[in-house]
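Heads up, the thing below is written out as structure tokens.
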């Protein structure tokens, strides 16, 4: 910062520019916010103390921008914390904000009795246009966590999204309950958590489709962690729409959980869920067996779903049944159960 300082004297005036360093530090307001954050975390931890244990849940959400001036999301992955900051205007300098974030992380670690070395902090920016969430680090801090009696690898250091979307915990259980004897398809398969659940539920075959080799390898690894292997489990690198348009296989059960926007060097056109969902679902339904079930989900808040575009199928929104109770935001995603006639 530049600030002019004047030297006054009889018949003389001069100004000189000096560099004013931007120091960090914690204001009284920051310390007050830390106390508010602590009280809220204590309340949430007390509220969730017995519920996860009874349900056998070790990965869950503790805090979700509950206090507007503290726009953080805190998720617990067993003995680790994953904290994401959402953009929100504030009056702190860059250095002051860094100290503020450090204070919030230390507060969460202390209150929740977590080793500070196992607290991971990310910044989540609003997604615009065709931007995608990409790799943000290269530390390789991976952990194997449990959910529903199954095992999954999460990366808490290198990606904004850890590899296991906690808001779809219930949806994954629905898929497992419906999978016995079914041919299962996982479009936009990401790290394959839905595929693991389908295999655990007794699916006779699984097909996981994603454009990213990184995520397909991750999905293979998750399947291996749960001892699912063999030619009946396929992993296909392809765009979701291209795959279903060219596929000749038939499926009985499918999950479609696409990103809001996506672009890739392998495709000529970027993906836009509002624009492209109807073509995708129509193509997919032509590959589903009579009575086949599709679970379709999106976290795009302004998404508008028109059942009329699905000829020969019925759709029912099941969002209220699929959002877990640890999520304060009950619109974290929307989900439909679609049945081909």
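Tabulated results
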read-out: Residue 214 buried (at least 24 other Cβ atoms within 10 Å of the Cβ) and either outside the structural domain of residue 331 (by TED's automatic domain parsing) or not in a strand (DSSP E or B) (or both); value: no
read-out: Residue list for region 318-331, filter: assigned to a loop (DSSP other than H, G, I, E, B) and closer than 16 Å to residue 57 by Cβ; value: 323, 324, 325, 326, 327
read-out: Residue count, region 50-59 (criterion: touching a strand residue (DSSP E or B) at 6+ places or on another chain (Cβ under 9 Å) and modelled with pLDDT under 95); value: 5
read-out: Qualifying residue in region 191-202 (condition: in contact (Cβ under 8 Å) with a residue 24 or more places away in the chain, surrounded by fewer than 20 Cβ atoms within 10 Å (Cβ to Cβ) and assigned to a loop (DSSP other than H, G, I, E, B)); value: no
read-out: Subset of region 153-165 [surrounded by fewer than 20 Cβ atoms within 10 Å (Cβ to Cβ) and at pLDDT 95 or above]; value: 153, 165
read-out: Contacts under 9 angstrom Cβ, first residue in region 46-73 being in the same structural domain as residue 152 (by TED's automatic domain parsing), partner modelled with pLDDT of 90 or more and surrounded by 12 or more Cβ atoms within 10 Å (Cβ to Cβ), 6 or more apart; value: none
read-out: Lone unmet requirement of (1) within 26 Å of the chain's Cα centre (by Cα); (2) assigned to a strand (DSSP E or B) for residue 276; value: (2)
read-out: Qualifying residue in region 87-104 (condition: at pLDDT 95 or above, touching a strand residue (DSSP E or B) at 6+ places or on another chain (Cβ under 6 Å) and either over 18 Å from residue 33 (Cα atoms) or buried (at least 18 other Cβ atoms within 10 Å of the Cβ) (or both)); value: no
read-out: Members of region 248-261 found to be part of a loop (DSSP other than H, G, I, E, B) and either under 17 Å from residue 176 (Cα atoms) or out of contact with any strand residue (DSSP E or B) (no Cβ under 6 Å at 6 or more places or on another chain) (or both), listed by number; value: 248, 249, 257, 258, 259, 260
read-out: Residue match in region 12-34 (condition: closer than 27 Å to residue 161 by Cα, exposed (fewer than 14 other Cβ atoms within 10 Å of the Cβ) and at pLDDT 90 or above); value: no
read-out: Of all residues making up region 220-247, the number that are farther than 20 Å from residue 280 by Cα and assigned to a strand (DSSP E or B); value: 2
read-out: Pair list, Cβ under 6 Å, 6 or more apart: region 308-337 residue surrounded by fewer than 13 Cβ atoms within 10 Å (Cβ to Cβ), other residue part of a loop (DSSP other than H, G, I, E, B); value: 312/341; 330/323
read-out: Unmet criterion (only one of (1) assigned to a loop (DSSP other than H, G, I, E, B); (2) within 30 Å of residue 330 (Cβ to Cβ)) for residue 175; value: (1)
read-out: Residue match in region 54-63 (condition: more than 22 Å from the chain's Cα centre (by Cα) and over 22 Å from residue 27 (Cβ atoms)); value: yes
read-out: Matching residues in region 307-319 - criterion: being closer than 22 Å to residue 272 by Cβ and within 25 Å of the chain's Cα centre (by Cα); value: 315, 317, 319
read-out: Check on residue 296, at negative phi and not in a strand (DSSP E or B); value: no
read-out: Residue identified as modelled with pLDDT of 95 or more, within 27 Å of residue 159 (Cα to Cα) and in contact with a helix residue (DSSP H, G or I) (Cβ under 7 Å, 6 or more places away or on another chain) among 207, 195; value: 195
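The values are calculated or read from the model by the stated rules, or taken from the named source; none is laboratory data. Owing to the predicted nature of the structure, the values given are computational and were not obtained by experimental measurement. Note: ideal-geometry Cβ built from the backbone for every residue, glycine included; neighbour counts use all protein chains shown.
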